[in-house]
Amino acid sequence: MGQGHTSRAGKSQTGMQGDGDSCLYLVTTAENASAFLADGLKLSRTAPIMLTERDGIGPWLAKLAENVTDEPLCPNVVLRLRRAMVAQALEPEPDHSAEFAARCYLLSGN
């Protein structure tokens, strides 16, 4: 019984890619996250939203921490999106992919 379940879950039809995670992640301020959760993500070719795979979260947070000023901080948060829900609206983002050593994408609505 358990063996059959394991073999089904291991197939590529689960929607998982790369590191086995079926989600993509957005690092943003708590204020922006609240707006996204209330109003949804607005797709725009002129102002696309960057997403990353799980391995890119740490480097993204580290980059944001380097750019902190003396102004009052709004904490950064991580939002998780199901990859299958946004897959058709993604395009590769090579610059941040290289910088973060993790796949990054632009959510633009193609």
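The values are calculated or read from the model by the stated rules, or taken from the named source; none is laboratory data. A quick note: this is a predicted structure, and the numbers were derived from the prediction, not measured. Here Cβ is always computed from backbone atoms with ideal geometry, including for glycine, and neighbour counts include all displayed protein chains.
Take the residues of the range 1-54 that are among the acidic types (Asp, Glu) and at pLDDT below 90: which is farthest from the chain's Cα centre (by Cα)?
ASP19
I'm trying to understand the selection: among the residues of the range 84-110, which are closer than 17 Å to THR46 by Cα and among the hydroxyl-bearing types (Ser, Thr, Tyr)?
TYR105, SER108
Take ALA62 and tell me if it is outside any loop (DSSP other than H, G, I, E, B), free of Cβ contacts under 8 Å to residues at least 24 places away in the same chain and exposed (fewer than 13 other Cβ atoms within 10 Å of the Cβ).
yes
Looking only at the range 29-59, which residues are assigned to a loop (DSSP other than H, G, I, E, B), touching a residue at least 24 places away in the same chain (Cβ under 8 Å) and exposed (fewer than 14 other Cβ atoms within 10 Å of the Cβ)?
Scanning the range 29-59 gives SER44, ARG45.
If I filter the range 65-110 down to residues being of a type in the set (Ser, Thr, Tyr) and either within 18 Å of PRO48 (Cα to Cα) or part of a helix (DSSP H, G or I) (or both), which single residue comes out as modelled with the lowest pLDDT?
Per the stated criteria, the residue is SER108.
Please identify the pairs in which a residue from the range 73-92 that is acidic (Asp, Glu) has its Cβ atom under 7 Å from the Cβ atom of a residue that is at pLDDT below 95, counting only partners at least 6 apart or on another chain.
Close Cβ pairs (under 7 Å, with a partner that is at pLDDT below 95) amount to GLU91/SER108; GLU91/ASN110.
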